[in-house]
Amino acid sequence: MAKKKKQSAKQLALDLKPGRDERRVKVSGLIALLLAAYLTIAFTSYLFTWYRDQDLVLEHSWTMLFDGEVIVDNWLGKLGALVANLFIYFGFGIGAFILVFQLYRLGMFLVLEKRMRAYWPGLRKALFLVVVVSVYCAFLFQEASFPYGGAFGQKINTWLVGLFGQIGMSLLLVASILGALVWFFNPDFKQMGLPEWMVNAISRVRNFRTGRFAAREEDEVATSRDVLSKKPGSPAVSSPSLEEGIDLRPLSGPLAKPIATPSRRPELELETTDLPESITESKPVPAMPELITASTSLREGTHPVLADDEHAHSEPYDPTLELSRYQFPSLELLRDYSSQQLEVDREELEQNKDQILETLMHYKIEIIKIRATIGPTVTLYEIVPAPGIKISRIRNLEDDIALSLSALGIRIIAPIPGKGTIGIEVPNKKKQVVGLREILASDKFRNVKMDLPIALGKTISNEVFVADLAKMPHLLIAGATGQGKSVGINSVLISLLYRKHPAQLKLVLIDPKKVELYPYGQLANHFLAFLPEQIEPIVTDNNQVIYTLNSLCIEMDTRYELLMRAKTRNLREYNDKFIARRLNPKEGHRFLPFIVLVIDEFADLILTAGREVEQPLARLAQLARAVGIHLIIATQRPSVNIITGSIKANFPARIAFKVASKIDSRTILDGGGADQLIGQGDMLLSVGGDIIRLQGAFVDTSEVEEVLEAIGNQQGFPEPYFLPEYNPDNPNSRGALDVSDLDDLFADAARIVVSNQHGSTSMIQRRLKLGYNRAGRIMDQLEGMGIVGPAEGSKPREVLIGSESELERFLEAKSFS
């Protein structure tokens, strides 16, 4: 305790973890904010009072603090005048204000308990900017009486002018400004009419750093793959002396042995799976799918204008360019549990084998062979009964075997699909934690060719299990409270974030409890999609849920219309055509991201909203798969009035965590087994009639927050991905008709449409330089106000007002300027 009391505020700020006294951190942040405010006032006052206070400060220095006859004009008195003179006159001039801003940032980071990891890059850039601003201000205002560059900038400027001369210093200034503009805005010089040699030279300079970074990243990936390709060692097996000989060789070939007699018990064959070694790679570069490497950007952005002949041989369209600097989160943000190696207690295996055989022999059931497959939390004992033994006799002994083993969660699989054996699953006394980092670092996840890969965990044979949400195509998750449902949802979402670019995936998150999915709100400008009028990006209000589901139905219908016009059958074919530049954005085509709708606590929505929720949800479940909209629904109450027949029919993929009764298990899986699970992430996955037992991947809340913070601190899209507006009074209309709610550019758009007699969303988007979403909303408002007619497929809308003078009278009547 004494050590903790001696920790400095800096150490506390660097590691904000549970168990530390966060009050000190917050107090430190408040002090930093107060100091930043003090310096801001002092520096601002110095700009207006320096010519009166400077002589007094230089003459008396610090002694003026104790001289009652000295009177200064600085708003913060003598100390304010001294501090401002120190930082501006003797220091960095105008650049001192940058230091004040960084002090303000530090205070906000501490008060809001943000990770300090995101603060240091900004501080380094700010310190560099202070030096640059100080030097260039001193150069530009050499004859000024005010110390724009401070003493520091003046000294450096004098040395540089002596080194390069006035002309050389001017060229250096111009080059620095141009370099900064290129760095921050990345202009396309080919479209600016520059000579080819100049374009090539600038491109080489601009790509120099990017090339070095890519090369370094390739080296890191190659090193990581070498490490991961090493064959991990086999788990250690303790071998106490046993009375019977035990054959440890894995079972191979057909299962055939003479029928065992009661005097000789079958030997236990042990099948083990290599355990993964600890993860040593520092930064993964997830392999992107072959086809869709790009992003949606921008329903709200500007799409390339295509001409069939002119661009027939142009490069493929890459929507990820708008966020080309986006970095996938590092595996270092997740905790490594692989050091907790699976311990195989041979004595435990032998005891379980003897108990199983003794129980079966008691009911005169003879066994030919028995084999053990050890998983992270459960061991599977495969037995081969003697000919003539009915499987139903063994299946009915589930409770008797559980009693003899004194274990919870015994499950009998009779028979195991694809094998001529009967399985008995017995929980291990020592369980292994399956960390999400271990799953994401595996070759199976990194090299998988799936549209929406989700890491679910490990099978009973200790193999990584990865599924494709796009093939499921929807997922139903159910389980009692505290059995791993929320962790499972986080694992699914985090695994998607590790593989998909923000332009390829959008998440619609509905959380009636308001606490489970709330941290994902910081991804609003990266991965989230929501209604334009929503205040919070995570949907929590029941009425907002109804609007969101109906809005997704509108989005689905719009996508089906685009697919029909493109003559494609599904999202993959459509995006293939768009990337190959075979679809024209002028006709309304755009790159379409996958949309994943996640609903937590579905039972609460059904009880409060009922049919209003179930109807659009059933429509999405039936039709949305082809257009890339997939659903994940979670509930604690798997009763028949919650998981209805229509929902079960459209959710072939279901995950069941531990439930209270066999009835609940049958409701979810159409069979038993979920009531025999042991909890803590133990689950059954039902896909296409097959049931697979998995140990779910574990990811802690603190790990989730770090991953979301790493993404949220990066540059996002200029505005979120907005869903179409839904008007409950007029479901076919996407916007309101009240004049006060119309877009600010409504009148300009109306004039453009009427003057051209051409009702096209792409024309409004192009003329007013708007994103696709906003232009579409304006077009819906034009329809609602009677200026254009309804949509007619790919044809332009009919313009209902024939002249500009008639339009002006209409706008004037509606109080438009």
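The values are calculated or read from the model by the stated rules, or taken from the named source; none is laboratory data. This one's a predicted model, so the numbers in the text were calculated from it and none came from an experiment. No Cβ is skipped: glycine too gets one built from the backbone with ideal geometry, and neighbour counts run over all protein chains shown. When the accessible area is computed, the model is the full protein with side chains, heavy atoms only, and any ligands, DNA or RNA have been set aside. Shrake-Rupley method; radii C 1.70, N 1.55, O 1.52, S 1.80 Å.
Can you tell me which residue in region 508-560 is modelled with the highest pLDDT, limited to those that are in contact with an Asp or Glu (Cβ under 7 Å, 6 or more places away or on another chain) and charged (D, E, K, R)?
ASP511
A quick yes/no check of all residues on (1) surrounded by fewer than 20 Cβ atoms within 10 Å (Cβ to Cβ); (2) more than 30 Å from GLN504 (Cα to Cα):
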| site | (1), (2) |
| --- | --- |
| GLN622 | yes, no |
| LEU631 | no, no |
| ALA634 | no, no |
| ILE668 | no, yes |
| GLY672 | yes, yes |
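Which residue, of LEU181, LEU127, LEU194, LEU173, is open to solvent by 80 Å² or more (accessible area, probe 1.4 Å) and either over 29 Å from TRP50 (Cβ atoms) or modelled with pLDDT under 85 (or both)? Let's see the steps before the verdict.
Values: LEU127 fails: either over 29 Å from TRP50 (Cβ atoms) or modelled with pLDDT under 85 (or both); LEU194 fails: open to solvent by 80 Å² or more (accessible area, probe 1.4 Å); LEU173 fails: open to solvent by 80 Å² or more (accessible area, probe 1.4 Å).
Answer to the check: LEU181.
Residue by residue, here is whether (1) under 23 Å from ARG654 (Cα atoms); (2) over 22 Å from the mean Cα position of the chain (by Cα) holds:
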{"position": "GLY482", "(1), (2)": "yes, yes"}
{"position": "SER486", "(1), (2)": "yes, no"}
{"position": "ASP511", "(1), (2)": "yes, no"}
{"position": "ASN543", "(1), (2)": "no, yes"}
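Only one of these conditions is not met by TYR363: (1) more than 30 Å from ASP682 (Cα to Cα); (2) out of contact with any helix residue (DSSP H, G or I) (no Cβ under 9 Å at 6 or more places or on another chain). Which number is it?
(2)
Go through region 422-443 and report how many residues are part of a loop (DSSP other than H, G, I, E, B), open to solvent by 10 Å² or more (accessible area, probe 1.4 Å) and not basic (Lys, Arg). Steps first, please.
Applying the first criterion (part of a loop (DSSP other than H, G, I, E, B)) to region 422-443 yields 428-434, 442.
From the residues that got through so far, the ones that are open to solvent by 10 Å² or more (accessible area, probe 1.4 Å) too are 428-433, 442.
Then drop every residue that is not not basic (Lys, Arg), which leaves 428, 432-433, 442.
Qualifying residue count, region 422-443: 4.
Just to be sure I understand, how many residues within region 113-165 are charged (D, E, K, R), under 42 Å from the mean Cα position of the chain (by Cα) and either over 30 Å from LEU333 (Cα atoms) or not in a loop (DSSP other than H, G, I, E, B) (or both)? Before you say what the answer is, go through the steps one by one.
The first filter runs over region 113-165 and keeps only residues charged (D, E, K, R), leaving 113-115, 117, 124-125, 143, 155.
Narrowing further to those that are under 42 Å from the mean Cα position of the chain (by Cα): 113-115, 117, 124-125.
Add one more test, that the residue is either over 30 Å from LEU333 (Cα atoms) or not in a loop (DSSP other than H, G, I, E, B) (or both), and what stays is 117, 124-125.
Within region 113-165, residues that are charged (D, E, K, R), under 42 Å from the mean Cα position of the chain (by Cα) and either over 30 Å from LEU333 (Cα atoms) or not in a loop (DSSP other than H, G, I, E, B) (or both) number 3.
For PHE602, work out the one condition from (1) within 25 Å of THR761 (Cβ to Cβ); (2) in contact with a Ser or Thr (Cβ under 9 Å, 6 or more places away or on another chain); (3) open to solvent by less than 20 Å² (accessible area, probe 1.4 Å) it doesn't fulfil.
Failed condition: (1).
Would you check if there is a residue in region 93-112 being in a helix (DSSP H, G or I) and at pLDDT below 85? Break it down stepwise before answering.
Just the residues of region 93-112 that are in a helix (DSSP H, G or I), to begin with: 93-111.
Restricting the remaining residues to those that are at pLDDT below 85 gives none.
No, that holds for no residue.
Looking at LEU82, LEU112, which one is over 23 Å from MET169 (Cα atoms), among the hydrophobic types (A, V, I, L, M, F, W, C) and surrounded by fewer than 20 Cβ atoms within 10 Å (Cβ to Cβ)? If you could, list the steps in order and put the result at the bottom.
Values: LEU82 fails: surrounded by fewer than 20 Cβ atoms within 10 Å (Cβ to Cβ).
Residue meeting the stated conditions: LEU112.
For residues in region 1-44 being outside any helix (DSSP H, G or I) and of a type in the set (A, V, I, L, M), which is modelled with the lowest pLDDT? Reasoning before the result, please.
Within region 1-44, the subset outside any helix (DSSP H, G or I) is 1, 6-8, 15-21.
Filter once more, so that each one left must be of a type in the set (A, V, I, L, M): 1, 16.
On the way: MET1: 42, LEU16: 39.
Within region 1-44, the match that is modelled with the lowest pLDDT is LEU16.
Answer with yes or no whether VAL464 is under 18 Å from the mean Cα position of the chain (by Cα) and modelled with pLDDT of 90 or more. Step through it out loud before you land on a result.
Details: under 18 Å from the mean Cα position of the chain (by Cα): no; modelled with pLDDT of 90 or more: yes.
For VAL464, the condition - under 18 Å from the mean Cα position of the chain (by Cα) and modelled with pLDDT of 90 or more - is not met.
Among the residues of region 454-473, count how many are open to solvent by 20 Å² or more (accessible area, probe 1.4 Å) and closer than 16 Å to TYR337 by Cβ.
Matching residues across region 454-473 total 1.
I'm checking my understanding of the structure. Among residues of region 636-656 that are among the small types (Gly, Ala, Ser) and touching a residue at least 40 places away in the same chain (Cβ under 8 Å), which one is surrounded by the fewest Cβ atoms within 10 Å (Cβ to Cβ)?
Just the residues of region 636-656 that are among the small types (Gly, Ala, Ser), to begin with: 639, 645-646, 649, 653, 656.
In the following step, the residues that additionally are touching a residue at least 40 places away in the same chain (Cβ under 8 Å) were identified as 653, 656.
Values: ALA653: 19, ALA656: 27.
This residue is ALA653.
Residue by residue through region 490-508, note down the ones that are closer than 11 Å to VAL699 by Cβ and either open to solvent by 10 Å² or more (accessible area, probe 1.4 Å) or of a type in the set (Asp, Glu) (or both).
Once the filter is applied, which keeps residues that are closer than 11 Å to VAL699 by Cβ and either open to solvent by 10 Å² or more (accessible area, probe 1.4 Å) or of a type in the set (Asp, Glu) (or both), region 490-508 yields only ASN490.
Residues are listed down the side, and each one gets a yes or a no for (1) among the hydrophobic types (A, V, I, L, M, F, W, C); (2) open to solvent by 20 Å² or more (accessible area, probe 1.4 Å); (3) out of contact with any Lys or Arg (no Cβ under 7 Å at 6 or more places or on another chain); (4) not in a strand (DSSP E or B):
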| position | (1), (2), (3), (4) |
| --- | --- |
| SER665 | no, no, yes, yes |
| ASP675 | no, yes, no, yes |
| GLN680 | no, yes, yes, yes |
| MET683 | yes, no, yes, no |
| SER686 | no, no, no, no |
| ILE692 | yes, yes, yes, no |
| LEU708 | yes, no, yes, yes |
| GLN715 | no, yes, no, yes |
| PRO718 | no, yes, yes, yes |
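Filter region 65-92 for residues that are aromatic (Phe, Trp, Tyr) and assigned to a helix (DSSP H, G or I); which is nearest to LEU123 (Cα to Cα)?
Let us first name the residues in region 65-92 that are aromatic (Phe, Trp, Tyr), namely 66, 75, 87, 89-90, 92.
Filter again for assigned to a helix (DSSP H, G or I), leaving 66, 87, 89-90, 92.
On the way: PHE66: 36, PHE87: 18, TYR89: 22, PHE90: 22, PHE92: 16 Å.
Within region 65-92, the match that is nearest to LEU123 (Cα to Cα) is PHE92.
From the residues in region 577-599 that are among the charged types (D, E, K, R) and more than 24 Å from the chain's Cα centre (by Cα), which one is surrounded by the most Cβ atoms within 10 Å (Cβ to Cβ)? Give the derivation first.
Residues of region 577-599 among the charged types (D, E, K, R): 577, 581-582, 586-587, 590.
With more than 24 Å from the chain's Cα centre (by Cα) added as a condition, the list becomes 577, 581-582, 586-587.
Working: LYS577: 16, ARG581: 19, ARG582: 14, LYS586: 15, GLU587: 15.
The extreme case among them is ARG581.
Check off (1) in contact with a Leu (Cβ under 7 Å, 6 or more places away or on another chain); (2) open to solvent by less than 10 Å² (accessible area, probe 1.4 Å) for GLN355 and give me the number that stays unchecked.
Among (1) in contact with a Leu (Cβ under 7 Å, 6 or more places away or on another chain); (2) open to solvent by less than 10 Å² (accessible area, probe 1.4 Å), the lone unmet condition for GLN355 is (2).
If you scan region 460-477, which residues turn out to be more than 20 Å from PRO502 (Cβ to Cβ), out of contact with any Lys or Arg (no Cβ under 7 Å at 6 or more places or on another chain) and not acidic (Asp, Glu)?
Hits for region 460-477 are SER461, ASN462, ALA467, LYS471, MET472, HIS474, LEU475.
Can you tell me how many residues in region 504-558 are farther than 22 Å from GLY588 by Cβ, in a helix (DSSP H, G or I) and not small (Gly, Ala, Ser)?
Residues that pass the stated criteria total 13.
Give me a count of the residues in region 694-706 that are within 18 Å of ALA480 (Cβ to Cβ) and open to solvent by 40 Å² or more (accessible area, probe 1.4 Å). First the steps, then the outcome.
The first filter runs over region 694-706 and keeps only residues within 18 Å of ALA480 (Cβ to Cβ), leaving 694-696, 698.
Restricting the remaining residues to those that are open to solvent by 40 Å² or more (accessible area, probe 1.4 Å) gives 698.
Within region 694-706, residues that are within 18 Å of ALA480 (Cβ to Cβ) and open to solvent by 40 Å² or more (accessible area, probe 1.4 Å) number 1.
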